[in-house]
1. Looking only at residues that are touching a helix residue (DSSP H, G or I) at 6+ places or on another chain (Cβ under 9 Å) and outside any loop (DSSP other than H, G, I, E, B) in the range 205-222, which one is nearest to Leu277 (Cα to Cα)?
2. Restricting attention to the range 40-61, which residues are of a type outside the set (Gly, Ala, Ser) and surrounded by fewer than 19 Cβ atoms within 10 Å (Cβ to Cβ)?
3. Out of all the residues in the range 298-307, is one or more out of contact with any helix residue (DSSP H, G or I) (no Cβ under 6 Å at 6 or more places or on another chain), in contact (Cβ under 8 Å) with a residue 12 or more places away in the chain and closer than 19 Å to Leu149 by Cα?
4. Residues that are at positive phi: list the strands (runs of 3 or more DSSP E) wholly contained in the range 1-111 that include at least 1 such residues.
5. Specify which of the listed residues (Ala184, Ala241, Ala250, Ala190) is without any contact (Cβ under 8 Å) to a residue 12 or more places away in the chain and surrounded by fewer than 24 Cβ atoms within 10 Å (Cβ to Cβ).
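Values quoted throughout were computed directly from the atomic coordinates according to the rules given, and no laboratory measurement underlies them. Because the structure is predicted, anything quoted here is derived from the model rather than measured. For neighbour counting, all protein chains shown are included, and Cβ atoms are generated from backbone atoms with ideal geometry for every residue, glycine included.
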Amino acid sequence: MSGEPSAFGQLTPDSVLDAIESLGLRCDGRLLQLNSFENRVYQVALEDGSQRVAKFYRPGRWSDAAILEEHAFTLELAEQEIPSVPPLSFDGRTLHRHGEHRFALFEQRGGRAPDLDRDETLEWLGRFIGRIHAVGARRRYAVRPALDLHSFGTEPRALLLAGGWIPDDLRTPWTSVVDQALDAVRHAYARAGDVRTLRLHGDCHPGNILWTDAGPHFVDFDDSRSGPAVQDLWMLLSGEAAEMRAQFAALRRGYTLFREFDERELHLVEALRTLRLIHYSAWIASRWHDPAFPAAFPWFGSTRYWQDRILELREQVALMQEPPLI
């Protein structure tokens, strides 16, 4: 979770257009910055009337090898006609460099948010996630890390405490509840047992799924890691326990048409949610030197923010004691 203070300081509109044109394309000068905090992403108009999406990777986050592993995974998915959006290749390369920045170019795809209130939509998503996982299970990542308790739990905890982000009067209660939460996560993993890990989308929330009349396509594999299959399913669930059970049943019907689902992984749903919550706060803290973050998260570090996080983790500790969804 590192990055340089001036990670994107030199990335001006002119330098973005120059980078695109270095690949032999001709831009017409129109440039729209899209909503992305981790990287910088732009919609770029070309002189032939088409558009591309350019992603400039945050310096210091992923190695070239890790980015190329992600690219290779999405290209595998595209070869199997699974609707992901792989990077475009120029002279046999998908990762490019312009000055101090690395970037990739993608086809521009439109779409709307999926309607997760419909069983038909959830089954459809389940089918495609099952297909993604069938490909993801074929081989392992050699460079990209795993989603685990250390990288999403104990390491973020240490970063937040060492950085002095938590108000003094809340430091002890936050430390107490985060330790309880991490202990509950360990127990959840113990109950699940030795579940299989595979290459995942990793951040499969509704914002990374674009829906058209032809169905879904999955975007932004930037957080792709190894982990349990349920990581790509639980973020599509919401509401009370009964609602989530029904939603998961629809997802599972589609998923198991292409891949078996290990039901022991249901012990991990709330554990994975807990790790994501802890990691999220540490992610904001680790990016605070980026001017975009104080502007977007002005409430971070306030007493109210950390009071809410303490209550949130207490709720998660209780939820992790409950039986799994089914």
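1. So, considering only residues that are touching a helix residue (DSSP H, G or I) at 6+ places or on another chain (Cβ under 9 Å) and outside any loop (DSSP other than H, G, I, E, B), the one nearest to Leu277 (Cα to Cα) is Ile209.
2. Selection gives Gln43, Leu46, Glu47, Asp48, Gln51, Arg52, Pro59, Arg61.
3. no
4. Ranges flagged: 27-33.
5. Criteria check complete, one pass: Ala190.
For (1) under 25 Å from Ala158 (Cβ atoms); (2) surrounded by 14 or more Cβ atoms within 10 Å (Cβ to Cβ), each residue gets a yes or a no:
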{"position": "Phe261", "(1), (2)": "no, yes"}
{"position": "Glu265", "(1), (2)": "no, yes"}
{"position": "Arg273", "(1), (2)": "yes, yes"}
{"position": "Tyr280", "(1), (2)": "yes, no"}
{"position": "Arg287", "(1), (2)": "yes, yes"}
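Conditions tested, residue by residue: (1) hydrophobic (A, V, I, L, M, F, W, C); (2) out of contact with any Asp or Glu (no Cβ under 6 Å at 6 or more places or on another chain); (3) within 29 Å of Pro145 (Cα to Cα).
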residue	(1), (2), (3)
Ser22	no, yes, no
Asp28	no, no, no
Val41	yes, yes, yes
Ile67	yes, yes, yes
Phe73	yes, yes, yes
Leu77	yes, yes, yes
Glu81	no, yes, yes
